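Worksheet: one structure, shown below.
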Amino acid sequence: MKKFVMILAGLAMLGAAVVGVLNKQDVEVINKDLDNVRAEVKTETEKLGELEDKRDDAAERETQAKDARNQAAAAVEGVKQNLKVIERALEDVSAELKTTEIKQKEIDLAVKKQFPTGEIQSVNDLEMRLTMLKETLTQKQNEKSTLNTQLTQAAEAKQVQVAKVQEEEKFQLQRAQKLALNGLEATIIAVNKEWGFVMINAGRQHGVSGDSSLLVKRGNTRIARLRIVNLEDSFVTADVVDESVVRGVEVQPGDRVIFENAR
């Protein structure tokens, strides 16, 4: 009987040793998982910091672009004012030129009336008057030609400034659409576990493009990443990136979808 008791005691001690070894292994596994989780949290924190820096840079570039657009618009307004001044000057020169031409015709008629036979024997003052009128006519014609050149140059400069403004407005519109996509949140409306894809209730009409990057979040936790495979106007079909899924978690209908890295 005593020997039997000793055998039982030995078996109990052996069992306790085995349980201790198993518990130690469990603790090591838990510590390893904990280290992995800490490393993942650190990585996500660094990514979040980078995204915030990019957002600040984008806001600064947007402000600079708005300033450039305002400057271009001011330049266009200046060109418009210069065009008005040149057009008024051109009208004045044209009026003076017309008046000079009328005066020249009146003098020609007076000369013909004075010398009906066509044999003109003009006096010095008449010759001087005709010479002065011809010189004035030539001068006004030259001024008109110069103003026409300036008007053409001003019109070309205006077109350049207008093109710049239109290009800037187009850039700002595209920029605004991309910035709006950064803040877009959608929802997973269906999940196909067999083929590993999901459907999302946002599409091309919401600003989504084929290269948009999608994150799946549940609460404040990122649980997976998606890759777009089909883009429609009102919905998106996307594959679940296997290596991005958090261990022990499955993507489900109702999970939020965040669009990131839109530039």
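Of note:
- Sorted by Cβ neighbour density within 10 Å, fewest at the top, the residues I188, I107: I107, I188
- Ordering S145, S212, S244 from the fewest to the most neighbouring beta carbons within 10 Å gives S145, S244, S212.
- Sequence-distant residues sharing a close amide H with V245 (under 5 Å, placed H): R225
- Put in line by how crowded their Cβ is, counting other Cβ atoms within 10 Å and starting with the fewest, E250, E62 read E250, E62.
Here, each number is a calculation from the coordinates, and none is a lab measurement. These figures come from a predicted structure and were not determined experimentally. Neighbour counts run over all protein chains shown; Cβ positions are idealised from the backbone, glycine included.
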